[in-house]
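Asker: Got a structure for you, questions after.
The values are calculated or read from the model by the stated rules, or taken from the named source; none is laboratory data. What you are looking at is a predicted structure, and each value in this text was computed from that prediction instead of being measured. Glycine gets a Cβ as well: all are built from the backbone with ideal geometry, and neighbour counts include every protein chain shown. The protein model used for the area step is the full one, side chains on, heavy atoms only, and it has no ligands, DNA or RNA in it. Shrake-Rupley method; radii C 1.70, N 1.55, O 1.52, S 1.80 Å.
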Amino acid sequence: MDPTRFNRKAKPTWCPGCGNFGIQNALKKALHALELEPHQVLLSTGIGCSGKISHWIGAYGYHGLHGRTLPVAIGMKLANHALTVIAEGGDGDGYSEGMGHFIHACRRNVDITYLVHNNGVFGLTTGQVSPTGDQGFVSSTTPAGALERPFHPLALAVAAGATYVARGFSGDSERLAGLIADAVRHPGFAYVDILQVCVSFNPAKSYKWYRERVFDLNEEGHDPTDRAAALAATEPRADGRLPTGLFYRVEAPTLEAGLPQLAGAPLAERDVAGIDVSPLMEDLV
Ligand code: SF4
């Protein structure tokens, strides 16, 4: 297989040094390692700098409304469950506008992967504090410093019933590629929060800043099958270190497994020529 098959000719317009480049590289490496072909992969992306990734990965892509990447991705998976469906967006998109969808996706356990480019700021709209921005963060909407405390999405994901919860770092593309591939292999809703550098609107959290703090939780003996330990691992550390790796994984039936309509060929491939929809239309119109 050609490792460049997920490339596109168009060049990304992200700022030079943006962490999205590392995420894009990691995603392409993961898809290559999974031996997928471009026609087998569908990206659903939200609004923000991160959402543009569907323009620059050589696969199917749909760039939708702000905060709605998850319901679109779930609809795609139910319509064609043979596809590998990856939802992607930023912390503003997913943890602000899309928060309700995030919680319900965790509990529904549809077999999709959700990658969140988490940089603590709305980058595309030039730097407003996001739900994961630090208290005191000075931005265009918080000129005297943000008063609100950041929330912790991994704790919420575990509590809401997600069956795969992980965190990666945009500055470690190799390790992130391994996490993404593992998340795609997981049969169920697999969520990966990615610490992403925004060099333009959150420059204090530089690559150096992150490298001094991130560490691999699993190398320190964390057991990802232990739910209580996973929740404890999501707590902020007194020393400021930032855990990455696999926090939690559990096997559970997917939503699709409970839908007899999806047994057999994907809905998108069924022959609908002989189906009479006029009674349904009469009922609806
Ligand atoms: Fe990347 Fe930030 Fe530039 Fe957006 S504004 S492209 S997130 S560096």
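Asker: Please give the Cα centre distance for segment 1-16 versus segment 217-285, rounded to the nearest Å.
Answerer: Between the Cα centres of segment 1-16 and segment 217-285 lies a distance of 28 Å.
Asker: While we're on this one: Expressed as a whole percentage, what fraction of the accessible surface of segment 20-284 belongs to carbon and sulfur atoms when a 1.4 Å probe is rolled over the protein heavy atoms? Walk me through the numbers before you get to the answer.
Answerer: Numbers: 6700 of 11810 Å².
Answer for segment 20-284 is 57 percent, counting heavy atoms of protein chains only.
Asker: Let me ask you something else. By how many degrees, between 0 and 90 and to the nearest 10, does the Cα long axis of helix 99-108 differ from the longest principal axis of the chain?
Answerer: The angle comes out at about 60 degrees.
Asker: How much accessible area per residue does segment 20-284 have, counting only protein heavy atoms and a probe of 1.4 Å, in square angstrom?
Answerer: On the way: 11810 Å² over 265 residues.
For segment 20-284, the solvent-accessible area averages 45 Å² per residue.
Asker: Moving to a separate point now. How many percent of DSSP beta bridges within segment 153-285 run antiparallel, rounded to 5?
Answerer: Of those bridges, close to 30 percent are antiparallel.
Asker: Placing +1 on the Cβ of each Lys and Arg and -1 on the Cβ of each Asp and Glu in the chain, which of A157, S96, W209 has its Cα farthest towards the positive end of the resulting dipole?
Answerer: Toward the positive end, the furthest listed residue is W209.
Asker: Here's a follow-up. Please give the per residue volume of the convex hull enclosing the alpha carbon atoms of the chain, rounded to a whole number of Å³. Display every interim value, and only then the final one.
Answerer: Numbers: hull volume 44.9 nm³, N = 285.
Value for the chain: 158 Å³ per residue.
Asker: Would you mind working out the magnitude of the charge dipole of the chain relative to its Cα centre, with +1 at each Lys and Arg C-beta and -1 at each Asp and Glu C-beta, to the nearest 20 Debye? Display every interim value, and only then the final one.
Answerer: Details: 24 positive and 29 negative charges, 170 e Å.
It works out to roughly 820 debye.
Asker: What do you get for chymotrypsin sites (Phe, Trp or Tyr not before Pro) in segment 138-175 restricted to DSSP loop and a cutoff of at most 15 other Cβ within 10 Å of the site's Cβ?
Answerer: Sparse-neighbourhood loop chymotrypsin sites (Phe, Trp or Tyr not before Pro): F151.
Asker: Could you run the Karplus curve 6.51 cos²θ - 1.76 cosθ + 1.60 with θ = phi - 60° over segment 44-54 and give me ³J(HN,Hα) per residue in whole Hz, x for Gly and Pro?
Answerer: Listing the rounded values in order: 10, 10, x, 7, x, 4, 4, x, 6, 4, 5 Hz.
Asker: Give the percent of DSSP beta bridges with both residues in segment 1-148 that are antiparallel, rounded to the nearest 5. Before the final figure, lay out the partial values.
Answerer: Details: 2 of 16 bridges.
Roughly 10 percent of the DSSP beta bridges within segment 1-148 come out antiparallel.
Asker: Of A181, T244, S200, whose Cα points farthest to the positive end of the dipole of the chain (charges on the beta-carbon: +1 Lys, Arg; -1 Asp, Glu; origin at the Cα centre)?
Answerer: Among A181, T244, S200, the one farthest towards the positive end of the dipole of the chain is S200.
Asker: Longest span of the chain, sites excluded, free of GluC sites (Glu not before Pro) in DSSP loop with at most 15 other C-beta atoms within 10 Å? Before the final figure, lay out the partial values.
Answerer: Numbers: sites that count: E35, E148, E212, E251.
The longest such stretch corresponds to 36-147.
Asker: What fraction of the DSSP beta bridges in the chain is antiparallel, stated in percent and rounded to the nearest 5? Each step should come with its number before you reach the end.
Answerer: On the way: 6 of 35 bridges.
Roughly 15 percent of the DSSP beta bridges within the chain come out antiparallel.
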